[in-house]
Structure formats: structure tokens, C-alpha cells
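Engineer: Below is one structure. I have some questions about it.
The values are calculated or read from the model by the stated rules, or taken from the named source; none is laboratory data. None of the values given here were measured: they were computed from a predicted structure. Calculation scope for accessible area: heavy atoms of the full protein, side chains included, ligands and nucleic acids excluded. Shrake-Rupley method; radii C 1.70, N 1.55, O 1.52, S 1.80 Å.
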Amino acid sequence: MSFEGRRRRLWLVLLGLLGVAVCAFFLWDGLRVRSTDSQAGAFSYQHAALPLPASRPGEAVVFTLQTANGKRGFTLRQFQALPAVRYAALQPQVAQQHTYQGVALRDLAEMAGVAGQDVRVMGSDDFGATIQAADYMKYPVMIAYSAEGQSLTPAQKGPLMVVFPNVQAPQRFPSKIYGSQWVWFAESLGRAP
């Protein structure tokens, strides 16, 4: 093969690699950011779904989805591997703002097969709240597992807690109405009765 032929072949290989890189970027960007609707705006995922780790012997299930086919439990490590959102929110009961990270209710409802329906989140203290589909489908309402990058402790109402984006959308999620829906010690989600 002549020098010119090798040069042309090298250019084709480089262009092919560039094309693959551009496609990979757009695929990654599409997984990272999902739009809700034009009224609520877009919200970003901190990370897409990660490989779900196997549970370790003795590792406790901290969250359960009630599905039409039964229950699906997650350890804390497994829950943290699900797609994650992150944003600042004002915890209404203690009037403190933190940056929370957790799993969007919309994603959990999809996994449970109840997306678009009102859901019921229950805490280990038997307190529960019904969260409207109109809220979690349009806004990144989450089950948080960390605040300021640190795992939520029982003193912070963890390891899991419902969080509303009340800093992003204060008119949509006023504390007087939504403050009681911040389920502490969250442990399960299912279709609302």
C-alpha cells in the first residue's frame, strides 16, 4: 500500500473514532439529563444507574418497592446505585437547608409499575404520606440518602427521607402544605390506596 493509501486509511480510522466519541458523549449526556416538562423545567441526574451490587450476608434491606408482582427490596448500597438526583432543599421541620442526593420518586414509581399514579411512602415509624403523581412526575421529588455528601443518620431522619425541591419551586411546594409529606425513616413505596 502506498504512503497516500496509508494516510487516507489513517484519516478514516481517526474520523471513525471521532464519530464514536461524539456518539458516546451524546448518549452519556442523554442519560445524565432528563427533561420533565416546560412548566417545571429540567433537572439533572447526578449519575445514571450503576451496576446493582449483590447484597452481602447480613446486609439489611432499607427500602422496599411494592409492585404488582410482589416486593422488591434494596440494601442501602443497592439503593445508592440507582439513578440519583441532587439539589438544595429546605427541611421544613428544622428550617435548615441542605444539598440532598437520592433517587427520584418518578424512577422508583416506574420500577414499581405505578408511574403516573399517586404513591404512598411509608416510614419505619408507621408515618406515611401520599404523594401525587402530578408532583413527582414533573418535579424531582426524591427519597434522599445523603445531605451535604454524608449519609443521613437516624438523628437526621435517615437513612432515607422524602425530600421536595422547595428551593427550586417554593410556590409549588410551600412548607405549610408539603411539610408533612417529608416522610422520615422512609422504607417503602407503593401505589396509593
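Engineer: Probe radius 1.4 Å, ligands and nucleic acids ignored: give me the carbon and sulfur share of the accessible area of the range 109-166 as a rounded percent.
Structural biologist: 49
Engineer: Accessible area, 1.4 Å probe, largest first: how do 187, 59, 4 sort?
Structural biologist: Most to least solvent-accessible, the answer reads 4, 187, 59.
Engineer: Next question. Can you give me the accessible area per residue for the range 122-193, using a 1.4 Å probe, in Å²?
Structural biologist: Here the per-residue accessible area is 45 Å².
Engineer: While we're here: For residue 107, tell me the accessible area in Å² from a 1.4 Å probe, rounded to the nearest 10.
Structural biologist: About 10 Å², rounded to the nearest 10.
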